[in-house]
């Protein structure tokens, strides 16, 4: 049996904006709790706005896809990268087990969130930038969360082929 869903990119991109609110509150509170002096001072300047734009539009997508690629490589795949309308992607041609595909898919949300949380107390002056990175990455992982929800039921002997805009799952026939 074959399952070949395409990620509803436009819908998910729209949903990522309201998701930024709870992720923003969550990461703000975590970051605040981890501040050495227990307070945060947020200041905005032209420089900070430029840096925030770079974080949101360039740094987060590159870091997010790089983590997908590193974990894919560790799983035995040969990742390649690209950009589509409204999204960046990491893909590979090798078939992957559902377990490894779940690890590849979840890695950017988990790894980059953990790094941001670790950085909050280490670089308190960069609170706003770390917060922007964490929130953008988490809200932008909505496509990854959609995939995780879809593949969680697959048997361990299924094979998953990554596609730039989704995946194809091949499940052995049990009849």
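Show that you can apply the helix-only estimate: for the chain, add -39,500 (n - 2.57) for every DSSP H stretch of four or more residues, divide by all residues, and state [θ] at 222 nm to the nearest 500.
Numbers: 6 runs with 98 residues, N = 175.
Dividing the helical sum by the residues of the chain leaves -18500 deg cm²/dmol.
Taking the C-alpha atoms only, the angle from helix 142-151 to the longest principal axis of the chain is near 30 degrees.
State the extension gain, in nm to one decimal, for the chain segment bounded by residue 51 and residue 73, taking 0.36 nm per residue of separation less the distance between their alpha-carbons.
Details: separation 22, 0.36 × 22 = 7.92 nm, distance 3.03 nm.
This chain segment gains 4.9 nm when fully extended.
With the alpha-carbon atoms of segment 64-128 aligned to their principal axes, the span from lowest to highest coordinate is 43, 28, 15 Å, starting with the largest. Dividing the mean sequence gap of close Cα pairs (under 8 Å, 6+ apart) by how many residues segment 63-129 holds gives a relative contact order of 32 percent.
In what sequence do 65, 39 fall when counting other Cβ within 10 Å, fewest first? Don't skip to the end; give the middle numbers.
On the way: 65 20, 39 9.
Exposure proxy ranking, most exposed first: 39, 65.
Calculate log10 I(q)/I(0) of segment 1-105 for q = 0.14, 0.15, 0.19 Å⁻¹, where I(q) comes from the Debye formula with a single equal point scatterer on each Cα and nothing for solvent. With no solvent term, the Cα-only Debye profile gives -0.81, -0.90, -1.19.
Expected output is a single nm value to one decimal: the length gained when fully extending between residue 42 and residue 115, i.e. 0.36 nm times separation in residues minus the C-alpha distance. What is it?
Working: separation 73, 0.36 × 73 = 26.28 nm, distance 2.06 nm.
Result: 24.2 nm gained on full extension.
For segment 41-92, how big is Rg over Rh, using alpha carbon atoms and the Kirkwood form of Rh?
Working: Rg = 14.7 Å, Rh = 12.6 Å.
Ratio of gyration radius to Kirkwood radius: 1.17.
Between the helical axis of 98-122 and the longest alpha-carbon principal axis of the chain there is an angle of about 10 degrees. Highest mean packing first, where packing is the average number of other Cβ atoms within 10 Å per residue, the peptides 100-109, 79-88 line up as 100-109, 79-88.
Find the relative contact order for the chain and round it to a whole percent, using C-alpha pairs within less than 8 Å whose residues are 6+ positions apart.
Details: 230 pairs, mean separation 64.1, N = 175.
With pairs under 8 Å counted, the relative contact order is 37 percent.
Computed log10 I(q)/I(0) for segment 16-57 at 0.25, 0.26 Å⁻¹: -1.01, -1.01, from the Debye equation with unit scatterers placed on every C-alpha and solvent omitted. With all projection directions averaged, the alpha carbon convex hull of the chain covers 10.9 nm².
Laboratory data are not the source of any read-out in this text; all were calculated from the coordinates shown. From a predicted model like this one, the values you see are computed outputs, not experimental measurements. Here Cβ is always computed from backbone atoms with ideal geometry, including for glycine, and neighbour counts include all displayed protein chains.
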